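J.: Here it is, the structure in full.
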Amino acid sequence: MEKQNVPEIFGSLVFDDRVMRARLSDKIYKSLRKTIDENVKLDDDVAEAVAVEMRDWAIENGATHFTHWFQPLTGVTAEKHDSFITPSPDGGVLMEFSGKELIKGEPDASSFPSGGLRATFEARGYTAWDPTSYAFIKDHTLCIPTAFCSYSGEALDKKTPLLRSMQALDREAKRVLKLFGKEVKYVRTSVGPEQEYFLIDKEVFDKRPDLIYTGRTLFGAMPPKGQELDDHYFGVIKPRVTEFMEDLNNELWKLGILAKTEHNEVAPAQHELAPIFSTTNVATDNNQLTMEIMQKVARKHGMVCLLHEKPFAGVNGSGKHNNWSMATDTGVNLLSPGDTPYENAQFLLFLTAVIEAVDEYQDLLRLSVATAGNDHRLGANEAPPAIISIFLGDELSAILEAIKEDKPYVGAEKVQMKLGVHSIPRFSKDSTDRNRTSPFAFTGNKFEFRSLGSANSIACCNIMLNAAVADTLKKYADELEKAEDFETSLHELIKRVIIKHERILFNGNGYGEEWVKEAVEVRGLSNLRTTADAMPHLLDKKNMDMLIGEKVFTEAEIQSRCEIMLENYCKTVNIEGHTMVEMVRKDYLPAIEGYLYSLAKTTSLMKSVSDKVKCNYEVSTMERLSELTDYILESVEKLEASLEDLKSYDDIIKTSEAVRDKVLPDMEKLRGYVDEAEMLTSERYWPFPSYGKLLFSV
Ligand code: ADP
Ligand code: MG
């Protein structure tokens, strides 16, 4: 691979601040900057001027088309390319792009999921430029990050509610900061998403219909070697993967994505990439792009990048860690313990706001990461359980305990720490220990939400997190603004919140069976194991009230989203079920039959030669395999019936329950028999590459 000058290529395909400053007039630049930084409405003439420069810059960099790039509820990004050309009178063409085209697009919305919104509103939707996320060039196309709404303004995408949730948090956090005597321009949430993925060779991939249709293996006996030696985690990266990573980094850097860390993960063929954190909406756009580019670059290297949460049963699945914090425009991280007692009091208030928000809205956080794929991972001893809890570490926990008990805090060195405002103690900054089993861990100056599946858009969980924290901060601001003695009220409030919400705090082993028992039976935390269990809670009154109150969703949007997510769950499993049926009937059963035939022929031939041969191996294998084919047939018929039965429900919640209670168990049973048959059948007869071949293919 040719050597790259990283600073030179970084952002070379992005219409970023450097380009804007260089190309726009001072007046236009300042006015655009105001829109980006302070959310001030963009004037038409500014848009016009920006469009002209954007077009020229894009054409200079090889673009011929433009597109509004958006994130419909399918979970992937959407784009419809238009070329810049318009006919000129002399028979040639001009390259045109107007301010109107920059600001607003009107794609036909009718083929995107809208969950009933379309029935009540017009089929056409519109896309609106999000100037806070820079435009970029991909495949000769100028991509303009946009929000996607119905004609009446109902959000049909993930970006719109995300931006609304960021606004809510900005609004309420500023009110709270004011109480501490701080006036800031804005408070923004930042996210650094760590992304896991698998790489397998394209040739073996192409031989597996389950991977092609569903992104995961629906069958496959365990290989003799999996991840038990832990020899892959942080291990030396193989040359082919190194080349892929170099290429990937270059592509991401060109798009201004801060790809930073890369390493092997726990499972064979599993890897991780982490960027440096950025503002949440930008991080979301960048993560969507990262997933897309990963898949593209892998193809170029003769491999396939699997983003499914659980491509292989019995082997660790892939997740995504959402590192989240709140910071002011002046660069103060509100989740960073301060140097003075007063700053610490402020920190503790924001911290308790997160604690309360996570406890009150556990179900929203859980359902924000709920998909058919992620259900296989959560609680499977490799990822946090479906129960949401917070890890704070020993020191912070001891501080909260001291506040709760009105006792002075004694620090790690057993010296009494200097107490600040009314017993709110100070403590050192670097006091986080590591707990990998917690779904929501405080890691020094940020929270790490670890329940996301690798294919999830990070928009969903951040919408819920921002909205819930905003709503909690609002309550605090309402209360403290009225307080006569701010410091006393602050202390009382923090103490009260700790007492009320300490059940959500858990520093122990989140993977253990005891925790499930304690969490559910003693603490009353919710344990929503599947998407079918979790998603309907979106419609709970407390959740609707909060989300509507914070203006993050309208009632119709919430209804439609619940429906779309459940539909997605049902469709995904439905496709998996049908894929299994096809593989079993067309390939597995005939293959086993072929092997049985060969065994039977061998046995009778051998016996005809000599009546002394026993043919124990042939006969016992035949007996068990023949038994298994009966079970397989029985199970596949049962699965077919369950799949057929899904059509009889007209309610999506009922359908999803049938998926959970009938289809998925049928699939598991069928798989068990086929996997056992795989171990008894000669590889020459087996129709698909084994787990070993897939996992060690690169
Ligand atoms: P790990 O969890 O693997 O130890 P790191 O601590 O290196 O990872 O960071 C993980 C991610 O957290 C990175 O994407 C990093 O940029 C991001 N991160 C670091 N600080 C913050 C912050 N204040 N807010 C949000 N994300 C952050
Ligand atoms: Mg991490």
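FYI, it's all coordinate maths here, none of it is from the lab. Predicted model, so just to flag it, every value in this text is computed and none were measured. Positions of Cβ are generated from backbone atoms using ideal geometry, with glycine treated the same way; all protein chains shown enter the neighbour counts.
J.: If one takes the longest principal axis of the Cα atoms in the chain, at what angle in degrees, from 0 to 90 and to the nearest 10, does the Cα axis of helix 616-646 lie?
T.: For 616-646 against the chain, the angle is about 50 degrees.
J.: State, in angstrom, two size descriptors of the chain derived from its alpha carbons: Rg to one decimal place and Dmax to the nearest whole number.
T.: For the chain, the Cα-based Rg and Dmax read 28.1, 103 Å.
J.: A follow-up question, please. How big is the gap, in Å, between the Cα center of the range 124-177 and the Cα center of the range 51-113?
T.: Centre-to-centre distance over Cα atoms comes out at 17 Å.
J.: How big is the gap, in Å, between the Cα center of the range 200-242 and the Cα center of the range 340-401?
T.: The range 200-242 and the range 340-401 have Cα centres separated by 32 Å.
J.: Report P(r) for the range 568-695: all Cα-Cα distances, bin width 5 Å, range 0 to the bin holding the largest distance, values in whole percent.
T.: Result, from short to long distances: 2, 10, 18, 17, 14, 12, 9, 7, 4, 3, 2, 1, 0, 0 percent.
J.: Is there a quick way to get the dipole size of the range 568-695? I mean about its Cα centre, with the Cβ of Lys and Arg at +1 and of Asp and Glu at -1; what is the value in debye to the nearest 20?
T.: 520
J.: Taking every pair of Cα atoms in the range 6-157, average 1/r, invert it to obtain the Kirkwood radius, and report Rg/Rh to two decimals.
T.: Values: Rg = 16.2 Å, Rh = 16.4 Å.
We get a ratio of 0.99 for the range 6-157.
J.: From the C-alpha coordinates alone, can you work out the Kirkwood hydrodynamic radius of the range 234-290, in Å?
T.: By the Kirkwood definition, the hydrodynamic radius is 12.1 Å.
J.: To the nearest 20 debye, what is the magnitude of the charge dipole of the chain about its Cα centre, counting +1 on the Cβ of each Lys and Arg and -1 on the Cβ of each Asp and Glu?
T.: Taking the Cα centre of the chain as origin, the dipole is about 620 debye.
J.: Can I ask one more? Identify all lysines with a Cα-Cα distance to Lys260 below 26 Å; exclude those on the same chain that are fewer than 8 residues away in sequence.
T.: Result set, ordered by chain and number: Lys3, Lys138, Lys158, Lys159, Lys238, Lys296, Lys300, Lys310, Lys320, Lys429, Lys446.
J.: Mind checking the angle between helix 394-405 and the chain's longest principal axis? C-alpha axes, 0 to 90 degrees, to the nearest 10.
T.: 60
J.: Which number gives the lysine pairs in the range 568-695 that have C-alpha atoms under 30 Å apart and are eight or more places apart or on different chains?
T.: Lysine pairs meeting the criterion: 25.
J.: Could you tell me which residue out of Leu229, Gly512, Asn381 lies farthest along the dipole of the chain toward its positive end? Charges go on the beta carbon: Lys and Arg +1, Asp and Glu -1, centred on the Cα centre.
T.: Farthest towards the positive end: Leu229.
J.: Two decimals, Cα atoms only, Kirkwood Rh: what is Rg/Rh over the range 208-353?
T.: Reported Rg/Rh, Kirkwood definition of Rh: 1.07.
J.: Right, here's the next one. May I ask for the angle, rounded to the nearest 10°, between helix 26-38 and the longest principal axis of the chain, with both axes built from Cα atoms and the value confined to 0 to 90°?
T.: Tilt of helix 26-38: around 70 degrees.
J.: If you don't mind, there's one more thing I want to ask. Mean separation of Cα pairs under 8 Å and 6+ residues apart, divided by the residue count of the chain: what relative contact order is that in percent?
T.: Values: 1216 pairs, mean separation 106.5, N = 698.
Rounded, it is 15 percent for the chain.
J.: Convert 4 °C to kelvin, take the viscosity as 1.567 mPa s, use the Kirkwood radius over C-alpha pairs of the range 150-292 as Rh, and evaluate the Stokes-Einstein diffusion coefficient in µm²/s, rounded to a whole number.
T.: Answer from the Stokes-Einstein relation: 69 µm²/s.
J.: So for the range 568-695, taking the charge dipole from beta-carbon charges (+1 Lys/Arg, -1 Asp/Glu), which of Leu670, Leu646, Ile592 sits furthest toward the positive end?
T.: Ile592
J.: Report the Cα centroid-to-centroid distance between the range 1-32 and the range 610-632 in angstrom, as an integer.
T.: If we compute the Cα centre of each part, the gap is 70 Å.
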